6 protein chains.
Amino acid sequence: MANKLDEFRSYRTKMNDRIGQIDHLGIKRFFNLDGSAYKDGPLDGKTKELLGLVASTVLRCNDCIDYHLIQCVDAGWKDEELFDALNVALIVGGSIVVPHLRHAVETVDTLRAEGKKK
Amino acid sequence: MANKLDEFRSYRTKMNDRIGQIDHLGIKRFFNLDGSAYKDGPLDGKTKELLGLVASTVLRCNDCIDYHLIQCVDAGWKDEELFDALNVALIVGGSIVVPHLRHAVETVDTLRAEGKKK
Amino acid sequence: MANKLDEFRSYRTKMNDRIGQIDHLGIKRFFNLDGSAYKDGPLDGKTKELLGLVASTVLRCNDCIDYHLIQCVDAGWKDEELFDALNVALIVGGSIVVPHLRHAVETVDTLRAEGKKK
Amino acid sequence: MANKLDEFRSYRTKMNDRIGQIDHLGIKRFFNLDGSAYKDGPLDGKTKELLGLVASTVLRCNDCIDYHLIQCVDAGWKDEELFDALNVALIVGGSIVVPHLRHAVETVDTLRAEGKKK
Amino acid sequence: MANKLDEFRSYRTKMNDRIGQIDHLGIKRFFNLDGSAYKDGPLDGKTKELLGLVASTVLRCNDCIDYHLIQCVDAGWKDEELFDALNVALIVGGSIVVPHLRHAVETVDTLRAEGKKK
Amino acid sequence: MANKLDEFRSYRTKMNDRIGQIDHLGIKRFFNLDGSAYKDGPLDGKTKELLGLVASTVLRCNDCIDYHLIQCVDAGWKDEELFDALNVALIVGGSIVVPHLRHAVETVDTLRAEGKKK
């Protein structure tokens, strides 16, 4: 059965394809630059995905949290490390972040459940 | 000669002392919790200071950027690593972050100049 | 029939329980501190719930608005008082707050309808 | 079949009517002032709707984006002009704006499909 | 000697006068509406000034904090009540609010010192 | 005598040069992309500078407001058109935008005074 995370993934793919069709050079370059920002560099990609997760959490964007959590789990971050990063986001951003913490924890649980099925 | 960073440091110390005098239990506990969030845990303190820096940058708070840069330099992060983290903040937060990137780079330079004097 | 507010309430309870299981000391303490902030103190709890409502509205978080509206209605605030507080949030936060004003008014109406059923 | 945009339109109408019933003078005046801000003046209304769209996008409010896109399409802005404006919002607001760019493009497509049916 | 608060007051007066000269009907009406929002209504003005203070603090605007603190002290709020309200802002808004808490406490102290001179 | 705007201009130039020296490919590309976003395209550059001004104002960044006002005046926008755009920002962003409206009007006046000297 499709869960909320699958819905996000298919909507994201569909709309990113549509945005590609628009063929606006600035938007295309921004998307490339966004992808490159999380590649290995002076900091490794794994660390930068965690930075992206915390930035997304304090800015309170559930879709961005989901995207970076998918990448973070892929990169090998463990649950307790993710929750420790989310605690930093919580203390910086305050209780207004709590609904996004709930969302993030649900997404981590969904990702782990998917991992067990494989 | 006192630089902008020294002004921040002395104002921060003076006002944190004054806030301590207020003796509000909630505020005191929040300050303690804030300090604890960056101690070694599932993630080491060094990594969490970098998370704090990126969170402060996307939320566009110069004082918070300065505080976390002081901690990051203390923790041993190198310039190119700090700039790579700030690049993540820039791509997540957009051009509205640029004035804070300028401020952050100036603070890194001040901190390195202080380090050479010691 | 379950309404949107009931969905929020059951999701909130489920995920807060799950977050409790994570057993992260910082997160636990933050949740306690958050709860304490609205207890009677120099300001009474009733007034502080209204402060929480306005803070949630200008920061544009529907879940936070719902939570504080539940508490505000419980604490005895009347509709016209709640709307007068929301007007302050509207003038401070601007038209970007309007969708959250719609949400808040819908939640107030749901809460009053629930009150009549009891 | 009702699409997401129709849901927004009917919810918006229903709740704006309900807010009118509340009869709070400040809220009523704010709604009038909000409407007036986009009328022809030193700048024409068409330009101001585009300003409203970009402001809504960088502040990341999907309902506000939908409202201003409806007005922008009505005012005669073409797709490539709307996407060029959204590119400004993307560069100013960063990747945190991307989920709202997806939403905006979907809404533009829905509006154009509605236009063809007429 | 002119303190920071006096500078804010004279700059605010000077620029509000200049904005009045611009004679833009929308801006003028907004300023009137803003003033009216804090007058006695279903909630008394004293309570609404406290709401304005907390809204300004979580949105992290020092000038707005100063303006509402001047009004709050005028309205008769005591220090411990103001600090209890600021604690709500701190828990809602997180550590990113701390620099503005420092500013707010400094302004309260300046206002009390002015009160003693009279 | 150096005014606030001149200070911004020289600080901006100095730090942008310094950021160029850092030679981070991602940051460099972002700066280029940022510059390109305001060039003539489906929308002309003049209109896009006005979009940048309104985006900067609702996001409450004085340096960004100053930068876009310089460009807007250069592009030929008249005072009453700029104030009409700022009125849109004010209604969207609320009274929290007022201190930035004051700053913007001061900058417009400085720019016009500079224009008369030439």
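The table that follows gives values for the structure above.
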| item | result |
| --- | --- |
| Accessible area that becomes buried as D packs against E, both chains, 1.4 Å probe, Å², nearest 100 | 400 Å² |
| Pairwise label distance in nanometres, A:Asn3 with F:Asp23, each label 7 Å out on the Cα-Cβ vector | 4.7 nm |
| Overall dimensions of chain E as given by Cα atoms, namely Rg and Dmax in Å | 14.9, 41 |
| Nearest residue to the symmetry axis between A and C, taken on chain A by its Cβ, in whole Å | A:Arg60, 5 |
| Top of E:Gly26, E:Gly41, E:Gly52 by mean-square fluctuation, Gaussian network on chain E, Cα under 10 Å | E:Gly26 |
| Order by protection proxy (mean Cβ within 10 Å, highest first), peptides E:95-103, D:3-11, E:28-36 | E:95-103, E:28-36, D:3-11 |
| Shortest-first distances to equivalent copies, position D:Asn16, nm, label 7 Å out along Cβ | 3.2, 3.6, 3.6, 4.1, 5.0 |
| Nearest-first distances (nm) between copies at F:Gly115, label 7 Å from Cα via Cβ | 3.5, 4.7, 4.7, 5.6, 6.0 |
| Cut-off 18 Å, label 7 Å out along Cα→Cβ of C:Asp79, residues of region D:1-43 by amide N | D:14-28 |
| Inter-chain shielding of B:41-50 (mean C-beta neighbours from other protein chains, 10 Å cut-off) | 5 |
| Disulfide-incompatible cysteines by the Cβ rule (no partner under 4.7 Å) in chain D | D:Cys72 |
| Phi-based couplings in Hz for region A:99-110 (Karplus 6.51, -1.76, 1.60; Gly and Pro marked x) | x, 7, 5, 4, 4, 4, 5, 4, 5, 4, 4, 4 |
| In sequence order, calculated HN-Hα J values of region C:83-93 (Karplus, 6.51, -1.76, 1.60; Hz; x Gly/Pro) | 5, 5, 5, 5, 5, 4, 4, 5, 5, 5, x |
| Label spacing, shortest first and in nm, from E:Asp44 to its equivalents in the remaining copies (7 angstrom along Cα→Cβ) | 1.2, 5.4, 5.8, 5.8, 6.2 |
| For chain E: relative contact order, % (alpha-carbon pairs under 8 angstrom, 6 or more apart) | 24 percent |
| For region C:9-57 versus region C:96-114, the gap between their alpha-carbon centres in whole angstrom | 21 Å |
| Note, ³J(HN,Hα) from phi for region C:57-66, Karplus 6.51, -1.76, 1.60, rounded to Hz, x at Gly and Pro | 6, 5, 8, 6, 10, 4, 4, 5, 4, 4 |
| Distance cut-off 45 Å, percentage of C-alpha pairs in the protein assembly as shown lying past it | 16 percent |
| Highest-fluctuation residue, E:Leu90, E:Leu59, E:Leu43 considered, GNM on chain E with Cα pairs under 10 Å | E:Leu43 |
| List F:Ile22, A:Ile91, ordered by accessible area with a 1.4 Å probe, largest first | F:Ile22, A:Ile91 |
| Probe 1.4 Å, accessible area per residue of the protein assembly as shown, Å² | 41 Å² |
| Cβ crowding within 10 Å averaged over residues, with E:81-89, D:13-21 ranked highest first | E:81-89, D:13-21 |
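The values are calculated or read from the model by the stated rules, or taken from the named source; none is laboratory data. Just so you know, these numbers come straight off a predicted model, no measurement behind them. Backbone-built Cβ (ideal geometry, glycine too); neighbour counts: all protein chains shown. Protein only, heavy atoms only, side chains kept; ligands, DNA and RNA dropped before computing areas. Shrake-Rupley method; radii C 1.70, N 1.55, O 1.52, S 1.80 Å.
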